Amino acid sequence: RSSVADLRVLYANQMQTLHSQVEGSSKFVPATPGRHIVTQMENIYSLNSATYKVEHSVKFVLLDDAVLVARKRARRTADRPNLVAEKCWPLNDILVLDTKDTASESDQRGLWYDLTCFSDDQCLQDQK
(Lines give C-alpha, C1' and ligand atoms only; values in the text may rest on other atoms or scores of the structure.)
Protein backbone atom coordinates (compact mmCIF):
# COMPACT_ATOMS: atom_id res chain seq x y z
CA ARG A 1 0.00 0.00 0.00
CA SER A 2 2.80 2.41 0.77
CA SER A 3 4.38 1.84 -2.66
CA VAL A 4 1.08 2.80 -4.36
CA ALA A 5 0.88 5.92 -2.21
CA ASP A 6 4.50 6.73 -3.07
CA LEU A 7 3.73 6.41 -6.80
CA ARG A 8 0.75 8.74 -6.45
CA VAL A 9 2.95 11.36 -4.81
CA LEU A 10 5.67 10.87 -7.46
CA TYR A 11 3.15 11.20 -10.31
CA ALA A 12 1.58 14.29 -8.75
CA ASN A 13 5.02 15.88 -8.37
CA GLN A 14 5.90 15.04 -12.00
CA MET A 15 2.74 16.73 -13.26
CA GLN A 16 3.26 19.76 -11.02
CA THR A 17 6.81 20.15 -12.34
CA LEU A 18 5.60 19.77 -15.95
CA HIS A 19 2.94 22.45 -15.44
CA SER A 20 5.50 24.84 -13.95
CA GLN A 21 8.06 24.25 -16.74
CA VAL A 22 5.72 24.21 -19.77
CA GLU A 23 3.28 27.09 -20.06
CA GLY A 24 -0.20 25.89 -21.07
CA SER A 25 0.49 22.21 -20.39
CA SER A 26 -2.23 22.07 -17.74
CA LYS A 27 -4.77 22.84 -20.48
CA PHE A 28 -3.66 19.87 -22.62
CA VAL A 29 -2.76 17.37 -19.88
CA PRO A 30 -4.36 18.29 -16.55
CA ALA A 31 -3.20 16.44 -13.46
CA THR A 32 -5.37 13.37 -13.03
CA PRO A 33 -4.79 10.39 -10.73
CA GLY A 34 -2.31 7.98 -12.32
CA ARG A 35 -1.18 10.27 -15.15
CA HIS A 36 2.59 10.41 -15.27
CA ILE A 37 5.58 11.18 -17.48
CA VAL A 38 7.22 8.20 -19.17
CA THR A 39 10.06 10.08 -20.91
CA GLN A 40 11.01 13.44 -22.40
CA MET A 41 12.86 14.05 -25.67
CA GLU A 42 14.64 17.22 -26.71
CA ASN A 43 16.51 18.21 -29.90
CA ILE A 44 13.44 17.71 -32.04
CA TYR A 45 12.86 20.29 -34.77
CA SER A 46 9.53 21.36 -36.20
CA LEU A 47 9.75 21.60 -39.98
CA ASN A 48 7.76 23.55 -42.53
CA SER A 49 5.76 20.80 -44.25
CA ALA A 50 6.18 22.40 -47.70
CA THR A 51 9.91 23.21 -47.62
CA TYR A 52 11.19 20.91 -44.82
CA LYS A 53 13.10 23.87 -43.38
CA VAL A 54 13.44 24.09 -39.61
CA GLU A 55 10.86 26.39 -38.04
CA HIS A 56 11.69 25.97 -34.35
CA SER A 57 12.92 23.53 -31.72
CA VAL A 58 10.40 21.45 -29.75
CA LYS A 59 10.37 19.02 -26.85
CA PHE A 60 8.29 15.84 -26.68
CA VAL A 61 6.85 14.77 -23.35
CA LEU A 62 5.55 11.21 -23.48
CA LEU A 63 2.96 10.58 -20.80
CA ASP A 64 1.24 7.30 -20.04
CA ASP A 65 -1.79 8.37 -22.12
CA ALA A 66 -0.66 11.22 -24.42
CA VAL A 67 2.21 12.94 -26.23
CA LEU A 68 2.68 16.65 -25.51
CA VAL A 69 4.72 18.84 -27.87
CA ALA A 70 6.15 22.03 -26.40
CA ARG A 71 8.03 24.64 -28.43
CA LYS A 72 10.83 26.77 -27.10
CA ARG A 73 9.84 30.36 -26.47
CA ALA A 74 11.43 32.86 -28.83
CA ARG A 75 12.26 35.28 -26.02
CA ARG A 76 13.05 33.95 -22.60
CA THR A 77 11.98 35.99 -19.59
CA ALA A 78 12.71 35.37 -15.93
CA ASP A 79 9.06 35.20 -14.88
CA ARG A 80 7.83 32.86 -17.65
CA PRO A 81 8.79 29.27 -18.54
CA ASN A 82 11.08 28.68 -21.52
CA LEU A 83 8.60 26.21 -23.10
CA VAL A 84 5.03 26.66 -24.37
CA ALA A 85 2.65 23.75 -24.96
CA GLU A 86 1.82 23.58 -28.66
CA LYS A 87 0.05 20.30 -29.43
CA CYS A 88 -1.09 17.16 -27.69
CA TRP A 89 -2.26 13.82 -29.05
CA PRO A 90 -3.85 10.99 -27.07
CA LEU A 91 -1.83 7.80 -27.48
CA ASN A 92 -4.83 5.93 -28.88
CA ASP A 93 -4.86 8.40 -31.82
CA ILE A 94 -1.19 7.82 -32.71
CA LEU A 95 0.32 5.14 -34.90
CA VAL A 96 3.94 4.30 -34.10
CA LEU A 97 5.96 2.67 -36.87
CA ASP A 98 9.34 0.99 -36.61
CA THR A 99 11.51 2.74 -39.22
CA LYS A 100 14.88 1.14 -38.41
CA ASP A 101 15.07 -0.55 -41.83
CA THR A 102 14.26 2.57 -43.86
CA ALA A 103 16.89 4.90 -45.29
CA SER A 104 17.70 8.04 -43.30
CA GLU A 105 18.51 11.37 -44.85
CA SER A 106 21.89 13.00 -44.29
CA ASP A 107 22.58 16.72 -44.51
CA GLN A 108 25.80 18.36 -45.72
CA ARG A 109 27.41 18.23 -42.25
CA GLY A 110 27.05 14.44 -42.12
CA LEU A 111 24.39 14.42 -39.40
CA TRP A 112 21.73 11.70 -39.64
CA TYR A 113 18.03 12.37 -39.29
CA ASP A 114 14.84 10.38 -39.11
CA LEU A 115 11.81 12.30 -40.31
CA THR A 116 8.34 11.99 -38.80
CA CYS A 117 5.26 13.66 -40.31
CA PHE A 118 1.80 13.88 -38.80
CA SER A 119 -1.48 14.06 -40.70
CA ASP A 120 -2.24 17.67 -39.69
CA ASP A 121 0.76 19.08 -41.60
CA GLN A 122 3.01 18.84 -38.55
CA CYS A 123 6.51 17.61 -39.43
CA LEU A 124 9.16 16.90 -36.83
CA GLN A 125 12.80 15.96 -37.28
CA ASP A 126 15.02 14.23 -34.72
CA GLN A 127 18.75 14.94 -34.93
CA LYS A 128 20.77 11.81 -34.17
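The values are calculated or read from the model by the stated rules, or taken from the named source; none is laboratory data. Owing to the predicted nature of the structure, the values given are computational and were not obtained by experimental measurement. Neighbour counts run over all protein chains shown; Cβ positions are idealised from the backbone, glycine included. What goes into the accessible areas is simple: the full protein's heavy atoms, side chains included, and nothing from ligands, DNA or RNA. Shrake-Rupley method; radii C 1.70, N 1.55, O 1.52, S 1.80 Å.
When Ser20 is evaluated against the numbered criteria (1) free of Cβ contacts under 8 Å to residues at least 12 places away in the same chain; (2) closer than 25 Å to Ala78 by Cα; (3) out of contact with any strand residue (DSSP E or B) (no Cβ under 9 Å at 6 or more places or on another chain); (4) not hydrophobic (A, V, I, L, M, F, W, C), which criterion, by number, is the only one it fails?
Failed condition: (1).
Residue under question is Ala12, and the condition is that it be modelled with pLDDT of 85 or more and either among the small types (Gly, Ala, Ser) or part of a loop (DSSP other than H, G, I, E, B) (or both); does it hold?
Details: modelled with pLDDT of 85 or more: yes; either among the small types (Gly, Ala, Ser) or part of a loop (DSSP other than H, G, I, E, B) (or both): yes.
Spelling it out, Ala12 is indeed modelled with pLDDT of 85 or more and either among the small types (Gly, Ala, Ser) or part of a loop (DSSP other than H, G, I, E, B) (or both).
Of the residues Tyr45, Tyr11, which single one is in contact with a Gly (Cβ under 7 Å, 6 or more places away or on another chain) and among the aromatic types (Phe, Trp, Tyr)?
Being in contact with a Gly (Cβ under 7 Å, 6 or more places away or on another chain) and among the aromatic types (Phe, Trp, Tyr) holds for just one of Tyr45, Tyr11, which is Tyr11.
I need the full set of residues from region 16-62 which are of a type in the set (Gly, Ala, Ser) and open to solvent by less than 80 Å² (accessible area, probe 1.4 Å), in order please.
Initially, region 16-62 is screened for residues of a type in the set (Gly, Ala, Ser), giving 20, 24-26, 31, 34, 46, 49-50, 57.
Matches in region 16-62: Ser20, Gly24, Ser25, Ser26, Ala31, Gly34, Ser46, Ser49, Ser57.
Which one is farthest from Lys59 (Cα to Cα) among residues in region 77-103 that are at pLDDT below 80, open to solvent by less than 100 Å² (accessible area, probe 1.4 Å) and not hydrophobic (A, V, I, L, M, F, W, C)?
Residue satisfying both the conditions and the ranking: Thr102.
For region 63-76, what are the residues that are out of contact with any Cys (no Cβ under 8 Å at 6 or more places or on another chain), surrounded by 13 or more Cβ atoms within 10 Å (Cβ to Cβ) and modelled with pLDDT of 90 or more?
Within region 63-76, the subset out of contact with any Cys (no Cβ under 8 Å at 6 or more places or on another chain) is 63-65, 70-76.
Okay, now just the ones that are also surrounded by 13 or more Cβ atoms within 10 Å (Cβ to Cβ), so 63, 65, 70-73.
Result: Leu63, Asp65, Ala70, Arg71.
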